[in-house]
Amino acid sequence: MKKSLIFIIALFISINIFSQEKNDYQYKVKVGDMAPDFEMNLPSGETVRLSSLRGKVVMLQFTASWCGVCRKEMPHIEKEIWQKHKDNPDFALYGIDREEPAETILKFAKATGVTYPIGLDLKGDIFTTFAEKEAGITRNVIIGKDGKIVMLTRLFKMEEFNEMVTLIDSLLAK
């Protein structure tokens, strides 16, 4: 127990330092901030408010159908995060599609083989709450059960992705 606690603390410190060095990621938020609240519609018509997920570990994945890096990352998210934790009541994962209609999102999800929910950000308002308007995607925001941001990623780098998977696993193990 003591070794795993030390590992988790060391992981958090390294992720925080790693994340703070990423000024080129063009985030408006940073690790340790309360995640800004927003409301999003899913193609099904369901509405999701981030604050209603408090008490869960939340992963937000900003994406779009035209993003080649997103298409590369999404099957990894599906297999290594969503399939492992989708039945865990303490976990929520939402893709947030930037500025595309529901029909495009549904085709995109089918083409990439993902089954996790992807919401609409038709005007990019959710995206610009978290990042600069001209900032690129793919990017992930990991939020702890207390509503605070614990990790920010940009692009798809396997080492960083694996750190994110380990972080989510450890947050859910608590």
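For (1) closer than 18 Å to Asp24 by Cα; (2) in contact with a helix residue (DSSP H, G or I) (Cβ under 9 Å, 6 or more places away or on another chain), each residue gets a yes or a no:
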position: Ser65; (1), (2): no, yes
position: Arg71; (1), (2): no, yes
position: Glu103; (1), (2): no, no
position: Thr129; (1), (2): yes, no
position: Leu152; (1), (2): yes, yes
position: Ala173; (1), (2): no, yes
Worksheet item: Mind checking which residues of the range 16-42 are modelled with pLDDT under 95 and either under 15 Å from the mean Cα position of the chain (by Cα) or assigned to a loop (DSSP other than H, G, I, E, B) (or both)?
Response: Ser19, Glu21, Lys22, Tyr25
Practice prompt. Would you check which residues across the range 148-159 are buried (at least 18 other Cβ atoms within 10 Å of the Cβ) and not in a loop (DSSP other than H, G, I, E, B) and list them?
Written response: Ile149, Val150, Met151, Leu152, Thr153, Arg154
Fill in: One residue from Glu99, Glu134, Glu78 being buried (at least 16 other Cβ atoms within 10 Å of the Cβ), of a type outside the set (A, V, I, L, M), in contact (Cβ under 8 Å) with a residue 24 or more places away in the chain and within 26 Å of Gln26 (Cα to Cα)
Glu78
Response to the item:
Checked Lys110, Lys86 against criteria (surrounded by fewer than 16 Cβ atoms within 10 Å (Cβ to Cβ), in contact with a Ser or Thr (Cβ under 9 Å, 6 or more places away or on another chain) and without any contact (Cβ under 8 Å) to a residue 40 or more places away in the chain); the one match is Lys86
Worksheet, complete the sentence: Pairs returned, first residue in the range 47-60 that is closer than 17 Å to Ser170 by Cβ and crowded, with 18+ Cβ neighbours inside 10 Å, second residue that is at pLDDT 95 or above and of a type in the set (Asp, Glu), beta-carbon separation under 7 angstrom, 6 or more apart or interchain, are Lys56/Asp90; Val57/Asp90
Discussion item. Pairs needed: first member in the range 147-166, farther than 15 Å from Gln61 by Cα; second member anywhere, aromatic (Phe, Trp, Tyr) and in a helix (DSSP H, G or I); C-beta distance under 8 Å; at least 6 residues apart or different chains.
Written reply: Glu163/Phe18
Worksheet item: Looking at (1) farther than 21 Å from Leu172 by Cβ; (2) touching a helix residue (DSSP H, G or I) at 6+ places or on another chain (Cβ under 7 Å); (3) not polar (S, T, N, Q), which is the one condition that is false for Lys110?
Response: (2)
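This table checks each residue for (1) out of contact with any Phe, Trp or Tyr (no Cβ under 6 Å at 6 or more places or on another chain); (2) among the aromatic types (Phe, Trp, Tyr); (3) over 21 Å from Lys157 (Cβ atoms).
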position: Asp87; (1), (2), (3): yes, no, yes
position: Leu93; (1), (2), (3): no, no, no
position: Phe108; (1), (2), (3): yes, yes, yes
position: Ile118; (1), (2), (3): yes, no, yes
position: Asp121; (1), (2), (3): no, no, yes
position: Arg139; (1), (2), (3): no, no, no
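The values are calculated or read from the model by the stated rules, or taken from the named source; none is laboratory data. Everything numeric in this text was worked out from a predicted model, so none of it was measured. All Cβ positions, even for glycine, are placed from backbone atoms using ideal geometry, and neighbour counts span all protein chains on display.
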